[in-house]
Amino acid sequence: MRTSKSAFHLDQQFFVELRARLEQTRRRANEQHQALLDWIKTSLDKQSGGTWQLQDPQAVAHPPETIPPVEQLAHLVQTAFWASLEKEEGRPLYFTVNYMAPEPSGKRLIAFDEPLPYEGQTLIKLAPAIGATDAALLVAPVEQGRLKIWGVRDRSLAPLSIKVIDPGSVIIKFKETNIAAISRSEAVHIRDPLLTRSSVIWSRFGAGEAGAEYDQWADPRINAILETVKRMRNLRHGGTLIIVPAGSQWRDSVKLPITYSGGGLFSPFQESIPKLRELRQQTGHTWAEEMYWGTVTTEACRMLSHLTAVDGALLLTYELEIIGFGAKLQPAPTSVEPAQIFNVDPLDHDDWIRRVTLMQLGGTRHQSAARFVADQREAIAFVVSQDGDVSAFVWWQPPHNAPALYAHRRLELTLF
């Protein structure tokens with residue numbers, strides 16, 4: 001039985017639990033920050049003979065006031081939620097709210113001369129200035145504990161943020177961790193905020209890696225795939241992205257010839273991905289170098305996302321080489337419907353994993369991608385529906401259990 005609550009009747013207990021989870025995440029982030037400082041100090045002490053001193057060894061990265069009281073937290077979230085249901089000149093609203101103390105205007109920050117009331121009408125008017133970008137509206141209790149919008153920043157930096165990804169879909173984050181979401185008329189806490197980095201989905205990228213243990217967090221190919229999926233979602237067209245080993249039998253599951261394919265493999269990442277890998281294995285490279293090649297990678301992701309808007313699937317190798325797009329998927333000659341399919345989502349409710357049938361996965365796009373992965377078991381398939389749902393299909397054999405097809409659903413709640 002689900003433990004979520006209707007978004008239209010959010011009770012106080014949801015926000016009590018939300019604040020407790022935010023506080024737990026804040027403390028964990030401080031512990032990680034302190035561990036990093038200790039490591040840096042130890043390293044520098046070795047170089048300086050033990051003379052290195054931190055300016056403020058007691059400094060806390062995220063003090064308690066980083067998180068507002070329950071009443072303000074509820075106001076912060078619910079106001080953003082209700083504003084997300086409105087439109088500005090017929091267009092849906094996308095925006096991010098940061099909870100942070102006021103600062104003077106700077107190169108990347110505009111502090112208003114007069115703070116504005118934090119209410120729905122103000123958000124509706126300001127939301128188009130933010131959109132689905134990295135920018136954020138800045139909110140704090142400016143006057144007698146009343147929340148006010150005191151500025152705009154070009155990049156969301158405060159640890160606590162409220163992000164509107166769709167009308168009626170709001171994500172509450174602390175730093176990179178998605179804590180809770182209001183979506184589809186329910187308010188739920190997120191069970192696994194790192195699901196989009198799960199080794200179940202990404203472990204195959206490490207199959208060809210030699211030497212040290214594979215680190216999926218440092219692999220720029222994974223960042224590129226996630227960025228492409230985000231951009232697919234922003235297109236609102238729907239699409240399928242499939243990743244296969246270059247030498248596999250993927251042709252058995254595709255109608256040939258693929259209409260849009262070349263004589264050989266082509267990679268828009270042929271310069272940027274190798275360069276990013278090289279930089280991350282070196283010390284002494286500049287931030288500007290990594291930023292440059294990251295931008296080149298992002299532009300390639302933009303191109304890939306548009307290829308998925310053509311009817312059919314985009315096929316890539318694990319080295320992100322384009323096999324073709326507009327590919328029509330079909331069951332392999334020896335295909336049989338998978339005996340076990342499990343639906344997995346990142347939300348914290350009792351049936352976060354449940355057994356389903358192929359028909360229950362969705363329409364033709366979802367079923368054909370699932371069938372492809374069931375036939376080509378080294379493949380990964382991402383499907384983005386027109387309404388913004390993001391799914392990933394992977395074949396996996398968990399310890400002490402039979403192999404099965406796993407459908408990771410509602411990944412949009414962990415992508416942003």
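Values quoted throughout were computed directly from the atomic coordinates according to the rules given, and no laboratory measurement underlies them. Keep in mind that this is a model prediction, so the values were computed, not measured. All Cβ positions, glycine included, derive from the backbone under ideal geometry; neighbour counts span all protein chains shown.
Any chance you could run the full-extension gain for A288 through E143? It's 0.36 nm times the residue separation minus the Cα-Cα distance, nm to one decimal.
Details: separation 145, 0.36 × 145 = 52.20 nm, distance 4.03 nm.
Residue separation times 0.36 nm, minus the Cα-Cα distance, leaves 48.2 nm.
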*Note down the magnitude of the dipole of the chain about its Cα centre, charges +1 on Lys and Arg C-beta and -1 on Asp and Glu C-beta and zero elsewhere, to the nearest 20 debye.*
560
_chymotrypsin sites (Phe, Trp or Tyr not before Pro) restricted to the range 297-400 and DSSP loop, no more than 13 other C-beta within 10 Å_ = none
*What nm value, rounded to one decimal, do you get for the distance between A207 and T357 when each label is placed 7 Å out toward the C-beta?*
3.1
*For the chain, what is the mean residue ellipticity at 222 nm derived from helices alone (per DSSP H run of n ≥ 4: -39500 (n - 2.57); sum divided by total residues; nearest 500 deg cm²/dmol)?*
-10000 deg cm²/dmol
_Going by amide H atoms built from the backbone, whose H comes under 5 Å of the H on V394, apart from near neighbours?_
Y406, H408
*Interchain or long-range residues, amide H under 5 Å from G324's placed H*: L315
*asked:* Can you tally the lysine pairs in the chain where the Cα-Cα distance is under 20 Å and the two residues are eight or more apart, or on different chains?
replied: 14
*Compute the distance in nm between two label points, each set 7 Å from the Cα along the Cα-to-Cβ direction, one at R91 and one at S105.*
2.5
*Return the sequence-ordered ³J(HN,Hα) values of the range 353-368 in whole Hz as given by the Karplus equation 6.51 cos²θ - 1.76 cosθ + 1.60 applied to θ = phi - 60°, using x for Gly and Pro.*
10, 8, 7, 9, 9, 4, 4, 6, 6, x, x, 4, 4, 5, 5, 5
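Determine the sum of side-chain charges near R146: Lys and Arg each +1, Asp and Glu each -1, restricted to other residues whose C-beta is under 14 angstrom from that of R146.
Details: positive: K148; negative: E71, E114, E119, E143.
Residues near R146 contribute -3 overall.
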_Working only with C-alpha atoms, what are the Rg and Dmax values of the chain, expressed in angstrom?_
23.2, 70
_Phi-based couplings in Hz for the range 290-297 (Karplus 6.51, -1.76, 1.60; Gly and Pro marked x)_ = 5, 5, 4, 6, x, 5, 4, 5
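Excluding T298 itself, what net charge comes from residues whose Cβ is under 13 Å from its Cβ, given Lys and Arg +1 and Asp and Glu -1? Write down the numbers at each step before the final one.
Details: positive: K230, R231, R302; negative: D134, E227, E290, E299.
Computed value for this residue: -1.
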*asked:* Taking amide H atoms as placed 1.01 Å from N in the peptide plane, list the residues 5 or more away in sequence, or in a different chain, whose amide H sits under 5 Å from that of I179.
replied: I172, K173, F174
_I need the calculated FRET efficiency for the pair Q24 and E114, taking r as the beta carbon distance and R₀ as 35 Å, to the nearest 0.05._
0.45
*Starting at the first residue of the range 142-153, write each ³J(HN,Hα) from the Karplus equation 6.51 cos²θ - 1.76 cosθ + 1.60 with θ = phi - 60°, in whole Hz, x for Gly and Pro.*
7, 10, 6, x, 7, 6, 9, 8, 9, x, 9, 10
*asked:* Using a 10 Å cut-off around each Cβ, can you sort I182, I130 from fewest to most neighbouring Cβ atoms?
replied: I130, I182
*Net charge of neighbours whose Cβ lies under 15 Å from the Cβ of Q72, counting Lys and Arg as +1 and Asp and Glu as -1*: -2
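Can you tell me the length gained on complete extension of the stretch S335 to Q216, counting 0.36 nm per residue apart and subtracting the Cα distance?
On the way: separation 119, 0.36 × 119 = 42.84 nm, distance 3.11 nm.
Using 0.36 nm per residue and subtracting the Cα-Cα distance, I get 39.7 nm.
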*Find which of L276, T364, I67 sits farthest along the positive direction of the dipole of the chain, computed with +1 on the beta-carbon of Lys and Arg, -1 on that of Asp and Glu, about the Cα centre.*
T364
*Gain in length, D154 to D350, computed as 0.36 nm per residue apart minus the alpha-carbon separation, to one decimal in nm?*
66.7 nm
*Cα atoms only, the range 5-189: Rg and Dmax in Å?*
18.4, 65
